[in-house]
Amino acid sequence: MSEPLLEARGLVEHYGTVEALRGASFTAYPGEVVSLGCSRLT
């Protein structure tokens, strides 16, 4: 397997006082498509 092109660890998202995301992580390798949606319209 090749080296990661992108790596994210411990992502956190708040909307005002609401914690919508805590500790999300992902790794993307060359040739992969990664999508993350965080809305009611996703």
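Taken together, the values in this text are just the output of simple stated rules run on the coordinates, not laboratory data. Predicted, not measured: the structure shown is a model, and the values here were computed from it. We place every Cβ from the backbone using ideal geometry, glycine too, and count neighbours over all the protein chains shown.
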**Request:** Would you please give the residues with an amide H less than 5 Å from that of Tyr29, counting only those at least 5 places away or on a separate chain, with H modeled from the backbone geometry?
**Result:** Leu5
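Treat every Asp and Glu Cβ in the chain as -1 and every Lys and Arg Cβ as +1, leave all other atoms uncharged, and give the resulting dipole magnitude about the Cα centre to the nearest 20 debye.
180 debye
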**Message:** Would the chain count as rounded, prolate or oblate if I go by the C-alpha gyration tensor, calling it rounded below 1.5 in a/c and otherwise prolate when a/b exceeds b/c, oblate otherwise?
**Reply:** oblate
